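Trainee: One structure, as structure tokens, below. Some questions next.
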Amino acid sequence: MIVKRNCLKIFVVVSILLYPILFSPVVEASSPSFQLYPSSGVVKSRDEGFIVDVLIDSGEYDLSKARMVVSFNPEVLQIFKASKNNSLFDQWPEDESTLDNTDGVVMLTGFTQSGGGVLYKTLGDPDVFVRLEFEIVAEGDEEILLDWEFSGSDDLFKTVLVTDGSPPYNVLTVKPKGGVYRFGELIQTALERKHVPFLVGGFLILSAGILITSKPEVARRKFGTVVVYEE
């Protein structure tokens, strides 16, 4: 009887010790990613074009560089503005940024020198990395496609998320999901979902029928933007 009681006590103690390990919820860190928001939808008017935000998530990593390269069919779309979130990285090299309406490519690179600035790390929800504004030049109603240039290597004109290290390496291991859009109702943008006030040269932006104002003193990290190119 005494042996049975001792065994029962040992079982209870072991169960109490193992319970947090066996039954505690598993919290998984988000993986580094780029994503289009929205990644699909419908466009009401070809004359107004549409807007797509590129969201960035560094996961658990501190990033020294992020480069997005999105391709499109120039016979269907033309990009006329790209606005970057200048608060995420210290530098935006011009030789690694381009809007090419001939080949249908938009590339933007943010960079912070290791030891020379605050490396980028996502805090909470993904940040807006860049806002892309497209004009529709095709007359038909074919699907509108956006795709990513990705190889897994840190090559020019390839999408990467590079962490600080010795040596630095690309932590973006999976090609981001492309975008598919069609004609119909007005496409929803990340602006409406996140209510992000974009600051572009101190002027107000009239976008998707919503007037957005921004005060520099209350603008948070993900909110400040400047125009990269405008034609």
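The values are calculated or read from the model by the stated rules, or taken from the named source; none is laboratory data. Note that this is a predicted model, so its numbers are computed, not measured. Glycine gets a Cβ as well: all are built from the backbone with ideal geometry, and neighbour counts include every protein chain shown.
Trainee: I'm told GLU60 meets every condition in (1) assigned to a loop (DSSP other than H, G, I, E, B); (2) among the acidic types (Asp, Glu); (3) within 30 Å of GLU139 (Cα to Cα) except one. Can you identify the failing condition by its number?
Mentor: So the condition that GLU60 fails would be (3).
Trainee: Just to verify a result, which residue in region 133-168, among those that are β-branched (Val, Ile, Thr) and buried (at least 16 other Cβ atoms within 10 Å of the Cβ), is farthest from ASP47 (Cα to Cα)?
Mentor: Taking region 133-168 and keeping what is β-branched (Val, Ile, Thr), we get 136-137, 144, 159-160, 162-163.
After this cut, where a residue has to be buried (at least 16 other Cβ atoms within 10 Å of the Cβ) as well, the list is 136, 144, 159-160, 162-163.
Details: ILE136: 7, ILE144: 14, THR159: 30, VAL160: 33, VAL162: 38, THR163: 41 Å.
Going through the qualifying residues, I end up with THR163.
Trainee: Can we say MET68 is assigned to a strand (DSSP E or B) and either charged (D, E, K, R) or touching a residue at least 60 places away in the same chain (Cβ under 8 Å) (or both)? Break it down into steps so the answer makes sense when it comes.
Mentor: Numbers: assigned to a strand (DSSP E or B): yes; either charged (D, E, K, R) or touching a residue at least 60 places away in the same chain (Cβ under 8 Å) (or both): yes.
For MET68, the condition - assigned to a strand (DSSP E or B) and either charged (D, E, K, R) or touching a residue at least 60 places away in the same chain (Cβ under 8 Å) (or both) - is met.
Trainee: Which of the residues belonging to region 140-158 are assigned to a loop (DSSP other than H, G, I, E, B) and closer than 20 Å to ILE51 by Cα? Before you say what the answer is, go through the steps one by one.
Mentor: First, pick out the residues of region 140-158 that are assigned to a loop (DSSP other than H, G, I, E, B): 140-143, 149-158.
The answer is GLY140, ASP141, GLU142, GLU143, GLU149.
Trainee: If you don't mind, there's one more thing I want to ask. Tally the residues that are assigned to a strand (DSSP E or B) and either crowded, with 16+ Cβ neighbours inside 10 Å or among the hydrophobic types (A, V, I, L, M, F, W, C) (or both), restricting the search to region 92-132. Before the answer, list the steps.
Mentor: Let us first name the residues in region 92-132 that are assigned to a strand (DSSP E or B), namely 98-100, 105-111, 120, 127-132.
Next, from what is left, pick out any that are either crowded, with 16+ Cβ neighbours inside 10 Å or among the hydrophobic types (A, V, I, L, M, F, W, C) (or both): 98-99, 105-111, 120, 127-132.
Matching residues across region 92-132 total 16.
Trainee: Kindly list the number of the only condition in (1) farther than 21 Å from ILE144 by Cα; (2) free of Cβ contacts under 8 Å to residues at least 40 places away in the same chain that fails for SER30.
Mentor: (2)
Trainee: In region 75-91, how many are of a type in the set (A, V, I, L, M, F, W, C) and outside any loop (DSSP other than H, G, I, E, B)?
Mentor: We begin by selecting, within region 75-91, every residue of a type in the set (A, V, I, L, M, F, W, C); these are 76-77, 79-80, 82, 88-89.
With outside any loop (DSSP other than H, G, I, E, B) added as a condition, the list becomes 77, 79-80, 82.
Summing the residues that are of a type in the set (A, V, I, L, M, F, W, C) and outside any loop (DSSP other than H, G, I, E, B) in region 75-91 gives 4.
Trainee: Among all residue pairs at least 6 apart or on different chains, which show Cβ distances below 8 Å where the first residue, located in region 71-91, is in contact (Cβ under 8 Å) with a residue 24 or more places away in the chain and within 13 Å of GLU135 (Cβ to Cβ) and the second is hydroxyl-bearing (Ser, Thr, Tyr) and not in a strand (DSSP E or B)?
Mentor: Correct list of pairs: PRO74/THR102.
Trainee: If you don't mind, there's one more thing I want to ask. Test THR102 against the criterion of being modelled with pLDDT of 95 or more, among the hydroxyl-bearing types (Ser, Thr, Tyr) and under 17 Å from PHE150 (Cα atoms), and give yes or no.
Mentor: Criteria not met by THR102.
Trainee: Of PHE89, PHE50, which residue is within 21 Å of VAL180 (Cβ to Cβ) and surrounded by 15 or more Cβ atoms within 10 Å (Cβ to Cβ)?
Mentor: On the way: PHE89 fails: within 21 Å of VAL180 (Cβ to Cβ).
Result of the check over PHE89, PHE50: PHE50.
Trainee: I'm trying to understand the selection: among the residues of region 80-116, which are in contact with a helix residue (DSSP H, G or I) (Cβ under 9 Å, 6 or more places away or on another chain) and either more than 25 Å from ASP164 (Cα to Cα) or among the hydroxyl-bearing types (Ser, Thr, Tyr) (or both)?
Mentor: The first filter runs over region 80-116 and keeps only residues in contact with a helix residue (DSSP H, G or I) (Cβ under 9 Å, 6 or more places away or on another chain), leaving 107-109, 111.
Correct list: THR109 only.
Trainee: On to the next question. What do you reckon, is PRO20 at pLDDT below 95 and either small (Gly, Ala, Ser) or assigned to a helix (DSSP H, G or I) (or both)? Walk me through how you get there before you give the answer.
Mentor: Numbers: at pLDDT below 95: yes; either small (Gly, Ala, Ser) or assigned to a helix (DSSP H, G or I) (or both): yes.
Here the answer is yes, as PRO20 does meet what is asked.
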